[in-house]
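Data block below; observations after.
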Amino acid sequence: MPAPYFDYAALAPEIILTVAIVVVLVADLLFEEREKYQTSTLAGLGCLAALVPVLYLAGNGADRTMFGGAYVVDNYALVMKALFLVAGYITVLLSTNYIEEGDYYQGEYYTLLLTALLGMTVMASARDLVTIFVALETLSIPTYLLAGWRKHDARSNESSLKYYLMGVLSSAVMLYGMSIVYGLAGDTRLVEIARYVATGAGGHLFDVAIFFTLVGFAFKVSAVPFHFWAPDSYEGAPTPVTAFLSVASKTGGFVALLSLVYVGFFGRSDAWQPILWVLAAASMTVGNLIALRQTNLVRMLAYSSIAQGGFMLVPFAVANQGDGSARPGAFSATVVYLLIYAVMNLGAFAVLIAVARKTRSADIDSYAGLFNYAPALAVTMSLFLFSLAGIPPLGGWYAKLVVFKSVLDAGTKQAVVLGVLAAVNSVIALFYYARVAGMMWFRPAPADGGSTARVPVALGAAIALPSALIVAIGVYPNLFARLGELATKGL
């Protein structure tokens, strides 16, 4: 048997992240107590350094394949890797002062964060069931620990335990489905599974395998009715970890779903399409309706994240319909939505952390009169909230547009019904986003709310970068549209 081929240029982002993990771990051992905060700088530099080979590979333009097609570095993988690394860097910015001032351990936090990030970058290139599973667990296991980082907080412990139990259950269900797929197809590589699917073999047993595999991933992306762990886990985890889970972790699950459905299972649409249709409709509706009743902003954003996941599933659910031309557009629509959603949600959590530094609360009522004593925070939070609602000219409008375009491209009755549900849910979402904005702009500030909220430099950068991006995307969406088209090439 020939030795496996290693393309070290293609593996450079993962190699750099691995080196960064070791450096942060060793530095934490060597630094004195007062210097341990510098591990955040090392972690941030590791994310930026890993981004350099991603840009180089994107400029090179050549697809790279290793391990018999189990690991592929193409445009889609590079776009997702860039998203993960930027999201990881912003999470480090969110964490710097939060972890330092919270008297939490330093080095272990950033080691776990970078390890989860490593799993995500591997996931972007995984085209094999085993590689997908290993990448998903490399992502998931560190986040179980991060969710319970506040060790002496009962709510944080509950968050970690719920996330762990649901994560293990979903992994078991998903692995069971994958094992049946492998048993029938005789191969773990997605391209070979697609060839098996094209023969029409497997019967209903293969449909059952697809069902279990998709249910496992539905837990990972917190799609209704497999969402019940997310709100409590999001509320109990440290806020930077919640931001990371709601963006990077959720995106990792969607990346795996994209690869499985579009590369491996697409020819068996009668098995996966009804499941995704139901998940999309239920996630949008249930997520938005429950978000309406929330009084805590973290929980509201958690249910909002569930609803946004439903919007991301809409192009999935209609990709196989019509004359077949909807498939590339649906793939591109999901990628674009993932990119814009990451910017919006990270920015919203950054402002949430900045406000909580002053109010010591995440209750929506604590945002009363925010414009009076922190106008910049009120303006930026309004930008993110209305962008999440899809209001022009902010970036979220384009995310919603590509979703509705994918529905129109499909043109079937099922697609139209799902499009109507998406439109109704967009209106529902506007109510609870606007409620927070109204609290900031039109309610009087509390008696002790006169002093300005101070924002550290790192946290300010984590707010400014998404703010600029969300306005730029809304005014000039062609850049992200181009990224979606690049990711679709070769599909």
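The values are calculated or read from the model by the stated rules, or taken from the named source; none is laboratory data. Since the structure is predicted, the reported quantities are computational estimates derived from the model, not experimental observations. Don't worry about glycine lacking a Cβ; one is built from the backbone with ideal geometry, like all the others, and counts go over all protein chains shown.
Data for the structure
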| read-out | value |
| --- | --- |
| Output for the range 354-390, where each listed residue is aliphatic (A, V, I, L, M) and farther than 28 Å from Pro477 by Cβ | Val355, Ala356, Ala362, Ile364, Ala368, Leu370, Ala374 |
| Some residue of the range 98-108 being at pLDDT 90 or above, touching a helix residue (DSSP H, G or I) at 6+ places or on another chain (Cβ under 6 Å) and buried (at least 20 other Cβ atoms within 10 Å of the Cβ) | no |
| Which listed residue, of Arg150, Arg155, Arg127, is touching a residue at least 24 places away in the same chain (Cβ under 8 Å), in contact with a Pro (Cβ under 8 Å, 6 or more places away or on another chain) and either crowded, with 20+ Cβ neighbours inside 10 Å or farther than 19 Å from Val72 by Cα (or both) | Arg150 |
| Selected residue [touching a helix residue (DSSP H, G or I) at 6+ places or on another chain (Cβ under 7 Å), in a helix (DSSP H, G or I) and surrounded by fewer than 17 Cβ atoms within 10 Å (Cβ to Cβ)] from Gly267, Gly183 | Gly267 |
| Contacts under 9 angstrom Cβ, first residue in the range 195-213 being loosely packed, with under 15 Cβ neighbours inside 10 Å, partner of a type outside the set (Val, Ile, Thr) and not in a helix (DSSP H, G or I), 6 or more apart | Arg195/Asp187 |
| Test: residue in the range 285-293 that is among the polar types (S, T, N, Q), assigned to a helix (DSSP H, G or I) and surrounded by fewer than 21 Cβ atoms within 10 Å (Cβ to Cβ) | yes |
| The range 49-70 - residue that is surrounded by 15 or more Cβ atoms within 10 Å (Cβ to Cβ) and at pLDDT 90 or above and, of those, farthest from Leu486 (Cα to Cα) | Ala49 |
| Within the range 221-255, tally of residues that are closer than 19 Å to Leu114 by Cα and part of a helix (DSSP H, G or I) | 16 |
| Selected residue (criterion: nearest to the chain's Cα centre (by Cα)) from residues of the range 294-323 that are more than 22 Å from Phe219 (Cα to Cα), outside any helix (DSSP H, G or I) and not polar (S, T, N, Q) | Gly322 |
| Every pair of residues 6+ apart whose Cβ atoms lie under 9 Å, when the first sits in the range 181-194 and is among the acidic types (Asp, Glu) while the second is part of a loop (DSSP other than H, G, I, E, B) | Glu192/Gly186 |
| Positions within the range 225-261 being touching a strand residue (DSSP E or B) at 6+ places or on another chain (Cβ under 8 Å) and of a type outside the set (Gly, Ala, Ser), in sequence order | Glu235 |
| Residue match in the range 468-485 (condition: crowded, with 17+ Cβ neighbours inside 10 Å, aromatic (Phe, Trp, Tyr) and either more than 18 Å from the chain's Cα centre (by Cα) or modelled with pLDDT under 85 (or both)) | yes |
| Evaluation of Ser156 against (1) more than 21 Å from Val336 (Cβ to Cβ); (2) in contact with a Ser or Thr (Cβ under 9 Å, 6 or more places away or on another chain) (one fails), failing number | (2) |
| Which listed residue is surrounded by 24 or more Cβ atoms within 10 Å (Cβ to Cβ) and β-branched (Val, Ile, Thr), from Thr121, Thr115 | Thr121 |
